[in-house]
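Peer 1: This is the structure, below, for whatever I ask next.
Each reported figure results from applying straightforward, stated rules to the coordinates on display, with no laboratory input. Predicted model, so just to flag it, every value in this text is computed and none were measured. When we count neighbours, we look across all protein chains shown, and the Cβ atoms used for this are built from the backbone with ideal geometry, even at glycine.
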Amino acid sequence: MTRYRKLGYVELNVESIARSATFYRDVAGLQHVRQRQDGSVLLRCDMDAYSVVLHEKAPAGLKCVGLMLEDASQFEALHVQLREHGTAYKELSASECKLRQIARATRITEPNTQATLEFYIPADDASDRTFQPTHTRIQRLGHIVLGTQRSSEAVVFFRDVLNFRVSDSIGETVTFMRPYPNPFHHGIGVVCSGHPMLHHVNFMVTEIDDIGRALHRLRAQGAAIVHGPGRHPTSGSVFLYFLDPDGITLEYSFGMEEFLEIHAREPRVLPAAPESIDSWGATRDPRMGSVGEIEVATIA
């Protein structure tokens, strides 16, 4: 079965690349890397070549998600699983991989969320790069949550085809999954929604003070705070949700349960109740998770 290192990158469609690039750098606290010849903007929050890619294209939402494999040998296991389950896939050309600073990649469309997933290994060693955290000491790209009316089918696909492990669920509303053997509570969440969508993108920060400072900074910058601060009973994370200029929901979180590769605890099913989402009782703004169209790729 396929083994992963982590959630590597997320590519977003935004309505104004200049406006969004400024927001993700100056307000969200990512580091600007460069602008590609096609106009897309690269940003990062760790030592990787990039963590977020912005593309100027309406409507705002998700273009694709990059999942970093443990090593090159995982492609064979991945391709076997995809073929056995009748899932079309495309191996990216050498020229496209070079442009995107990855060594090798396979692309699929997840059949239930319609999200484009790219499984890859990086092209270079991070030892020649430097990364200096900004006002918010982001440690890593944490997770994304995808919505679909076929949420139970999506969970089965991530579990049985892609070798994600279920950590917890809240009723039949949302399921949290980790790309095995990455230890963090979840790298992907699947939520029941009326149509395929990106619900939110998460960044994990260094300490709880980063949440407190962000609360006041976001308010001063006029960014909409749509939930929190609060604490998720599932992962144990302290969270703060806010909106980017197009209304895409972003999250800062501090602290998250980590699982052992073997002898991990069994997943739990929490009741479908507000206290299963936030033990602190924060009020949720209805704009949270309302913007995030999925760009659907054609896989021959």
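Peer 1: In whole angstrom, how far apart do the alpha carbon centroids of segment 211-226 and segment 1-73 sit?
Peer 2: 22 Å
Peer 1: Considering the convex hull of the alpha carbon atoms of segment 4-128, report its projected area averaged over all viewing directions, in nm², one decimal.
Peer 2: Details: hull surface 32.9 nm².
With the hull built on Cα positions only, its mean projection is 8.2 nm².
Peer 1: Let me ask you something else. Per-residue counts of other Cβ atoms within 10 Å, averaged by peptide: what ranking do you get for 242-252, 51-61, highest first?
Peer 2: 242-252, 51-61
Peer 1: Another question, then. So, R0 is 35 Å and r is the distance between the beta-carbons of Arg159 and Gln132; what FRET efficiency does that work out to, to 0.05?
Peer 2: 0.40
Peer 1: Which whole-number percentage describes the relative contact order of the chain, with Cα contacts under 8 Å and a sequence gap of 6 or more?
Peer 2: Numbers: 744 pairs, mean separation 59.0, N = 300.
The normalised contact order for the chain reaches 20 percent.
Peer 1: Okay, next question. Antiparallel as a % of all DSSP beta bridges within the chain, to the nearest 5?
Peer 2: Here the antiparallel bridges make up roughly 70 percent for the chain.
Peer 1: With just the Cα atoms of segment 138-291, tell me how far they stretch along each of the three principal axes, in Å, largest first.
Peer 2: Between the extreme Cα coordinates on each principal axis of segment 138-291 lie 45, 33, 25 Å.
Peer 1: I need the Debye-formula profile for the chain: one equal scatterer per C-alpha, no solvent, reported as log10 I(q)/I(0) at q = 0.08, 0.12 1/Å, two decimals.
Peer 2: -0.31, -0.74
Peer 1: What is the set of long-range amide H partners of Phe184 at a cut-off below 5 Å, with H atoms built 1.01 Å from backbone N?
Peer 2: Hits under the 5 Å cutoff: Phe259.
Peer 1: Can you list residues whose amide H is under 5 Å from His227's amide H, if they're 5+ apart or on another chain and H is modeled 1.01 Å from N?
Peer 2: For His227, the qualifying residues are Tyr241, Asp285.
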